[in-house]
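Chemist: Have a look at this one.
Read-outs: derived from the displayed coordinates by stated rules, not from any lab. Here the structure is a predicted model, which is why all the values come from computation and not from measurement. We place every Cβ from the backbone using ideal geometry, glycine too, and count neighbours over all the protein chains shown.
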Amino acid sequence: MNGFLPLFPPSRTHPARKVQSMLLIRSLALATALLASTPLLAAPVDAQSIAEIGERMLRDRAQSQADVLGAEIAVRVPTLASRAADAPCKPEVFLPPSSRSWGKTQIGLRCADSNWTVRLPAEVSLTATIPVPTRPIKAGSVLAQGDWTLTELDVAGWTRGVTVDEQSLAGSRVTRPLRAGEPIPPDALTSAARMGVGEQVRVLLIGKGFTVRSAGEIVQQSTVGGSARVKLESGRTVSGTLRADKQIEVHL
């Protein structure tokens, strides 16, 4: 030794403090690693907006048919919002290609970045005012005024289709039995015979205790069983009913 003491003697770390420091460093490193590996929480899914998108898609798909029928559309997808809220992503709404445009159908949810896909039941109703039979009608019958009445029904479930134009019913022949109060399928009728303007017809003028036969000319297009206007040889115009034998029956 040279006889001099050091100005700053070397510090000595207590063993317990050294262990505590090492544990603290390791804890900080572990916490940093965990933060780096934990994904950020995604923004919550707006399930109600997704449900509204799905309902709008179903409504748009059925709109053309509703326009033909003059119908009002109503859409029900009871579980769409809740399933959208449970999705592991912000789901995309889609319409399965095999699903129907109206009635009982389906709508789907899927995630673009995974295999998560669900199909949910949906219902699209089309409420329209249509003619329905007032009584059971047998096959072979010819429809006439009074055989039907207009009523409001949900026609979406009638897969055979429905007749909406009551003007086409008079004189049509029924090819299969019709039930009272149910829509009339177009394939259950054969078109009524029609007579156009200018066609020559025989006219039966029926009064109390007499019948007079005359000739005339149709002045408006008419169907069998429906109203017909005819101009007689005398120049007088009368209204009657066009019969299946293409004679006009006029009750005086």
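Chemist: So if I place +1 on the C-beta of Lys and Arg and -1 on the C-beta of Asp and Glu, and nothing else carries charge, what would the dipole magnitude of segment 69-126 be about its Cα centre? I want it in debye, nearest 20.
Modeler: Value, rounded to 20: 120 debye.
Chemist: Given +1 on the Cβ of Lys and Arg, -1 on the Cβ of Asp and Glu, and no further charges, what dipole in debye does segment 129-190 carry about its Cα centre, rounded to the nearest 20?
Modeler: Using only the charged Cβ atoms, the result is roughly 340 debye.
Chemist: Next question, about the same structure. What is the distance, in nm, between label points placed 7 Å from the Cα along the Cα-to-Cβ direction at A112 and at D86?
Modeler: Reported label-point gap for A112 and D86 is 2.5 nm.
Chemist: Fewest to most neighbouring Cβ within 10 Å: what's the order for V219, V230, V174?
Modeler: So the residues, fewest neighbours to most, are V219, V174, V230.
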